[in-house]
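The values are calculated or read from the model by the stated rules, or taken from the named source; none is laboratory data. Not measured: the values here are computed from a predicted model. Positions of Cβ are backbone-derived with ideal geometry, glycine not excepted, and every protein chain shown enters the neighbour counts. Surface accessibility is based on the protein's heavy atoms, side chains included, excluding ligands, DNA and RNA. Shrake-Rupley method; radii C 1.70, N 1.55, O 1.52, S 1.80 Å.
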Amino acid sequence: MSLQMLPPGQETPDVQVSWEDQQRINDFSKLNSRLSELEDQYRQKQDENEYLEDVGTEIELVDEDEVVQYKIGNTFYWLKQSEVVERLEKQTDSAAAELNDLEDKVQSIKDEMDELKTVLYKKFGNAINLER
């Protein structure tokens, strides 16, 4: 978010920035930062979810009677394939739920930013740039 520079010879319209306007600009900036953080978290969680699905697919190919190494915390344990599959399914479901939660948060922030954009562009027009 920044004030837009106009080409030489064009003057910026004189618009007074009230305290409320400054608060809206600050809120927009905070939301923009939060949105970037959430998008990063979303990408990481998406990668984790894909990894869990891939591992689950590979583990399902192993015989049910075999034992497989499974990491819990910082330690690897030997567990039956069926137990590992159950644990991976729970982890995958949890990761998917977290992805949905992050999607909701991102959409909520985008909606709030759109509202602020509407108000600020209405008042400041081309004198303000709120695009990422």
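Just a few scattered comments:
- Filter pass, VAL119 being open to solvent by 30 Å² or more (accessible area, probe 1.4 Å), among the aliphatic types (A, V, I, L, M) and assigned to a helix (DSSP H, G or I): yes
- So GLY56, is it exposed (fewer than 13 other Cβ atoms within 10 Å of the Cβ), touching a residue at least 12 places away in the same chain (Cβ under 8 Å) and not in a loop (DSSP other than H, G, I, E, B): no
- Test result for GLU64, assigned to a helix (DSSP H, G or I), open to solvent by 70 Å² or more (accessible area, probe 1.4 Å) and at pLDDT below 95: no
- Those residues of segment 13-47 which are open to solvent by less than 80 Å² (accessible area, probe 1.4 Å), within 21 Å of the chain's Cα centre (by Cα) and free of Cβ contacts under 8 Å to residues at least 60 places away in the same chain, in sequence order: ASN26, SER29, SER33, SER36, ASP40, LYS45, GLN46
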